[in-house]
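Quick notes on the structure that follows.
Each reported figure results from applying straightforward, stated rules to the coordinates on display, with no laboratory input. Bear in mind that the values here come from a model prediction, so they are computed numbers and not experimental data. A quick note on method: Cβ atoms are made from the backbone with ideal geometry, for glycine too, and the neighbour counts reach across all protein chains shown.
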Amino acid sequence: MNTTVYNIRHLARVVLECATPIAVGSGLKDILTDAKVIVDANGLPYIPGTSIAGVFNRGVHGVEDPLMWGFQEGDKGCGSRIFFTDAKLVDADGKAIDGLRNSLSDFASNYLALPVRQHVRINEKGTAEKGGKFDNEIVPAGSRFVFEIEIIGNDAEDNQTTLNALRIFTYSPSFRLGSNTRSGLGELKVVCWKERVIDLADESQREDYIQKSSSLVDERFWENAIVRSQENQAQPDWVSYELTLTPDDLFSFGSGFGDEDVDDTPLYERHVDWTNGTGKFTSKRVVIPASSVKGAIAHRVAFHYNRLKGVFADKIQCLGEAIDDYNVAVTTLFGKQGIVEKGKMSRGSIIISDCLMDIKPDEHKILNHVSIDPFTGGAIDGALYNEKVVFTNERISLRVYVEKKALADADVANALEQTLNDVCTGMLPLGGAVNRGHGVFSGTCRKLN
């Protein structure tokens, strides 16, 4: 058996911040949620190295060496020359929480009980689909994780090219981790990227490499590292649309829960703020979940595509033939579940991110409702309730990313752009209680590239 000696080591230490909540699932559920986040021995969320490696493997372009990621073909194969550690949670002081702890800081203790995000799939009739109600745990926006990358080889230039490709990918809109990445979760941004190159043929460098700790807490190895600044790379494979919206009146993206004042509240979540380099949890902010925006857009895209193709109600046997997995625009942009062709599932080509809003106390309004019995003129039993809605003129910026290949069909592109225009002209309201006038927005839609 031949043994290949790799003397060159390219290493990187990466600190990521969650621009939106992230949910890396454990595959488990409990009495509180249908999908729990994976946690380490301390009970804190983390991102397994296998998840990170999988995302980089599928998303990175420009790595020419087919042996870099390794392969297996029958009894032949080789291991990958790229290694990823688990991504560990960063504490309020900016240090990684790696290894078993006897106690946790007040900041880290907030992660022992994670918020739960509610979901419901709405059908073409505006009601919940059977089996479409579920929820999942999330890690709050602003949370930071740190991990390390190591590339081994004998060609320093080849190693550096690969590491550059990995770094460039982290600035792509498609770099997201965890579940529901096409529904607003998992968006990440690079806080710090440090690099070092080690030649094991050099005795001093070899000793430095040997003394490097496997713990992410120990940062001595990185004291003289090169710090790479953020690179605003062009994204040739993506088209982005920016929607700048202002609410015309009231809107509410419901949490599904009440509080001490009302029966139904908007969705609130806290996030982590790193002002002055120290992490702290903020007060609750109003959330516009991308999953709600995506659902409304998907239904309207189906309408516009059918209109452009001349598919009207008198030309189909049932409504199901023109929507969801039977509508080309919907499957192209939003993926399909494999109902039409068993096993032919695909994920969507459109990405929308959650939006957080700072709302003042006086920008909430409580609405009281009652359903009147037409025969007695009195309130129907159980039909008296109230809700809290948002009333503000704060502008909202929504960014929509679409893979260019999904827009190759002119009718698909036209259906999407007309749908986005409907949102900006108030023709497509967003959120809950839209049949009562809520969720109307006005604004502009700008195609950036």
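May I ask you to order 136-143, 88-95, 377-384 by the average number of other C-beta atoms within 10 Å around their residues, highest value first? Write out the running numbers ahead of the final one.
Working: 136-143: 23.4, 88-95: 18.5, 377-384: 9.8.
The densest-packed peptide leads the list: 136-143, 88-95, 377-384.
Is there a quick way to get the dipole size of the stretch 1-108? I mean about its Cα centre, with the Cβ of Lys and Arg at +1 and of Asp and Glu at -1; what is the value in debye to the nearest 20?
Values: 10 positive and 13 negative charges, 34 e Å.
It works out to roughly 160 debye.
For the stretch 247-315 and the stretch 97-144, what is the centre-to-centre distance using only Cα atoms, to the nearest Å?
After rounding, the separation between the Cα centres reads 16 Å.
Going by amide H atoms built from the backbone, whose H comes under 5 Å of the H on Gly153, apart from near neighbours?
Those qualifying (amide H under 5 Å, at least 5 residues apart or on another chain) are Asn7, Ile8.
Under a GNM of the chain (C-alpha, springs under 10 Å), which listed residue has the highest mean-square fluctuation: Gly348, Gly77, Gly59?
Taking springs between Cα atoms under 10 Å, the residue moving most is Gly77.
Within the stretch 247-276, what residues put their amide N at less than 17 Å from the label point 7 Å along the Cα-to-Cβ vector of Gln118?
What the label zone holds, given the 17 Å backbone N cut-off, is 251-270.
Which one of Gly126, Val116, Val146 has its Cα pushed farthest toward the positive end of the charge dipole of the stretch 8-228, where Lys and Arg give +1 and Asp and Glu give -1 at the Cβ?
Value: Gly126.
Return the FRET efficiency for the residue pair Glu203, Arg58: r is the Cβ-Cβ distance, R0 is 35 Å, and the value is rounded to the nearest 0.05.
My answer for the efficiency is 0.35.
If you count, for each residue, the other Cβ atoms within 10 Å and average over each peptide, how do 293-303, 407-417 line up from highest to lowest?
For the peptides 293-303, 407-417, the packing ranking is 293-303, 407-417.
Using label points projected 7 Å from each Cα along Cα→Cβ, tell me how many nm separate Ile366 and Tyr171, to one decimal.
5.0 nm
In the set [x] 1.19; [y] 1.11; [z] 1.03, which value of Cα Rg over 2.2 N^0.38 Å was calculated from the structure you see?
Calculated Cα Rg over 2.2 N^0.38 Å: the matching label is [y].
I'd like the distance between the alpha-carbon centres of the stretch 14-60 and the stretch 157-186, rounded to an integer number of Å.
15 Å
Any of Lys29/Lys336; Lys95/Lys212; Lys284/Lys388 with alpha carbons more than 21 Å apart? Name them for me.
Result: Lys29/Lys336 exceed 21 Å.
What 222 nm value per residue comes from the helices of the chain, counting each DSSP H run with n ≥ 4 as -39,500 (n - 2.57) and dividing by all residues, nearest 500 deg cm²/dmol?
My calculation for the chain gives -5500 deg cm²/dmol from helical runs alone.
Grab the Cα-Cα distance for Ala313 and Asp273, subtract it from 0.36 nm times how many residues apart they are, and report the gain in nm with one decimal.
Roughly 9.3 nm would be gained on extension.
If the cut-off is a Cα-Cα distance under 21 Å, which lysines reach Lys315, setting aside same-chain residues fewer than 8 apart in sequence?
Correct list for Lys315: Lys125.
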